[in-house]
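Reviewing the structure listed below.
Bear in mind these aren't lab numbers, they're just calculated from the coordinates by the rules spelled out. Just so you know, these numbers come straight off a predicted model, no measurement behind them. Cβ placement follows ideal geometry from the backbone for every residue including glycine, while neighbour counts extend to all protein chains displayed.
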Amino acid sequence: MFGLSRGDLLLWLFVLLLVLAAPILLNPFPESSALAQFNGGYPDLMQRFLIFGIFAIGFNILFGLTGYLSFGHAAFLGAGSYAAVWMLKLLTINVIPAIIVSTLVAGILSLIIGYISLRRSGIYFSILTLAFAQMSFAAAASVGFVTQFTGGETGLQTALNDPRILDTASTTGNIPAPSLFGLEMRDSFQWSVGDWLWTFNAGYYVCGFVMMVAFYIAIRITRSPFGMMLKAVKSNNERLSYTGINPKPYTLAAFVISGMYAGLAGGLMVAMDPLAGVERMQWTASGEVVLMTILGGVGTLIGPIFGAGLIKYFENIFSKINESLLHQWFAFLPDGVEDFFVAVIYPFVGKGWHLTLGLSFMLVVIFLPGGMVGGLTSLYRRIFKKSKQAN
Amino acid sequence: MGSALEVRGVNKRFGGLQALNDVNLTVEEGRIHAIIGPNGAGKSTLLNCFVGRLKPDSGTVMFHGQNLLGILPYQVNQVGVSRVFQTPEIFADLTVLENVMIPALAHRDGIFEMNAMKPLLKETDIRKKAVDVLEDIGLHDKLDMTASSMSRGDKRRLEMAMGLVQEPKLLLLDEPTAGMSRADTNNTIEVLKHISKSRAITMIIIEHDMHVVFTLADRISVLAQGTVIVEDQPENIKGNKKVQEAYLGGAH
Ligand SMILES: Nc1ncnc2c1ncn2[C@@H]1O[C@H](COP(=O)(O)OP(=O)(O)OP(=O)(O)O)[C@@H](O)[C@H]1O
Ligand SMILES: [Mg+2]
């Protein structure tokens, strides 16, 4: 159905269900409990799960299928963001043109960067993409001509006196918030049941809709003849050319598609929060999406989404745990033991969350080459096989 | 029937080694032409010159009137020349079926096709074609197996299926039965014989197994130290003195 196999359709529906129910699923702890810290169900964070999910799904089309590891995808994220802010400023505060144009602008930029970088493969390709991204970063930050479009170090944001040629002038005297035909992205509906509080945010569901479409397209690409050629590029590029296929346009197409996904993610960030800064083009953002993809499972369909969610959760929740909170948790232990536990755990939380991330990344790379999703699949297979043999 | 492949005066030097020395070869259309010779004679090097893996220092290689020198490997394939390599070159991470569907798609769609939204499941014709060839070659019970987990002999047969599915005008086979069991070798002989007859595919086959050579070949060229020393009918090769010398003296 919809051009998907039964298994893929079920997978897509499973993700849809998670997206729809996330505001509830991610807030499992009552508001007044000590564990409410770990609730991830607030709009800002949930939007980021989805947006980085899109970024990682797209990245996986390049890295997971063709094996080409780009270290420069932040350039497309940033370009998409800038383009989106300009659309909000010049055209309309409606987010649709912003999202579309951000995707197209990133597509054009990735065509140029991809065309040149794909003249090399392996580590040289990675370094070329990194170099291009750093050039874009430097240009956006401080090259006079370019800073007219990027706002340099200050960045870009919407303002009251923006032209917005398609909109009627604001009458309230406030900067209008990004909206979808009048529905503001920051609008939320809150629902409290007992001590639980759930927030259903308009922007989150717009992101959810876009991500489900992006995910659907990614499944279709993966299951197409084109997708099979991309896997063949990864498996044996040279053999492919002796088979009558020119691998170059395939790889370039994958690069542009993944660049467009990055641009779309950048555009959505702006649609949720109408500003763009040069840090979005920094190499750390390029590295982050690599981590997400590998952690979740390179080449798997939903791995990147989980990887993105996990890293964003770590970043936002783990980083909040501080020393006094730890003392509170371990208060039931005798003093000396309490101090010991706090001393051992503290480096891994709060500002040290990167340490935990690094450790989990190492563990995954060493023990689960297929990432979390790959690990779960092989575990499932092993159990399934065992029970089959027992029969 | 005319000639399918005309090789004239091909030379190739690797540093101080003259790997190919003024090689001339004419392969008649629809025939099976064997190239034999001791290890290191330059047989694989010669095939590399046909498909764009190596560029000869001089000489011409004409295929049905088209010059194969100076065009890229995928262009060589698209004019109808498929090759099976000496060390199996397959898509190791993909399934057996996918390995054969890829060349089938290349044959139908050309060097590039942006069919990213078309489900592979709907490519029933391509799938059927691939399954048929795998059936001919005896791998139909391994369709979903990952290619890397197959035996060496099976990998060779898979690569042969990859070549055959393209219905090439010229099929280049570099030691197709090396590493195969007797039974698989006999099966391969049957398959190649059948295909050569039914589809009139021209074949060049490099082979050390003389049983295979003498069962299949319509004509044989003997290569030694980069030079074609004899070219003749199979029955005349067996007793040829030069050939025996090349094998005894040449196999260092
Ligand atoms: N790329 C290369 N660079 C340098 N020398 C090469 C290269 N390819 C082949 N040779 C050398 O050229 C000679 C011919 O090699 P080739 O592989 O063509 O022999 P062959 O007849 O196919 O032998 P075999 O029966 O063992 O496969 C050998 O001495 C080999 O070492
Ligand atoms: Mg050889």
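Here the relative contact order of chain A, from alpha carbon pairs under 8 Å that lie six or more residues apart, stands at 27 percent.
Place a label point 7 angstrom from the Cα of A:K385 along the Cα-to-Cβ direction, then list the residues of the range B:135-178 whose backbone nitrogen is under 15 Å away. Residues B:145-146, B:149-150 fall inside that zone. Rg/Rh for the range A:6-281 stands at 1.02; both radii use Cα atoms, and Rh follows the Kirkwood definition. Per-residue mean of foreign Cβ neighbours for B:73-81 is 4 (Cβ atoms of other chains, 10 Å radius).
Rounded to a whole number, what is D in µm²/s for chain B from Stokes-Einstein with the Kirkwood radius over alpha-carbon pairs (20 °C, 1.002 mPa s)? Translational diffusion coefficient: 114 µm²/s.
Estimated at 0.36 nm per residue, the fully extended path between A:L183 and A:D195 surpasses their Cα-Cα distance by 1.5 nm. Computed from label points 7 Å out along Cα-Cβ, the spacing between A:S5 and B:K55 is 4.3 nm.
The Cα atoms of the range A:1-145 define a convex hull whose projected area, averaged across directions, is 13.1 nm².
Between the helical axis of B:182-199 and the longest alpha-carbon principal axis of chain B there is an angle of about 80 degrees. Summary value for the range B:1-147: 20 percent relative contact order, contacts being C-alpha pairs under 8 angstrom separated by 6+ residues. Above 34 Å, the calculated P(r) of the protein assembly as shown contains 55 percent of its Cα-Cα pairs.
Here the Karplus curve 6.51 cos²θ - 1.76 cosθ + 1.60, taken at θ = phi - 60°, turns the phi angles of the range B:129-142 into couplings of 4, 5, 5, 4, 5, 5, 5, 3, 8, x, 10, 5, 8, 10 Hz, with x standing for Gly and Pro. Label positions at A:T154 and A:L359, each projected 7 Å from the Cα along the C-beta direction, are separated by 4.4 nm. For the range B:90-167, the ratio of Cα radius of gyration to the globular rule of thumb 2.2 N^0.38 Å stands at 1.04. Remark: mean inter-chain Cβ contacts per residue of A:82-93 equal 0, using a 10 Å Cβ-Cβ cutoff to other protein chain atoms. Take each residue of peptide B:82-90, count the partner chain Cβ atoms within 10 Å of its Cβ, and average: the result is 2.
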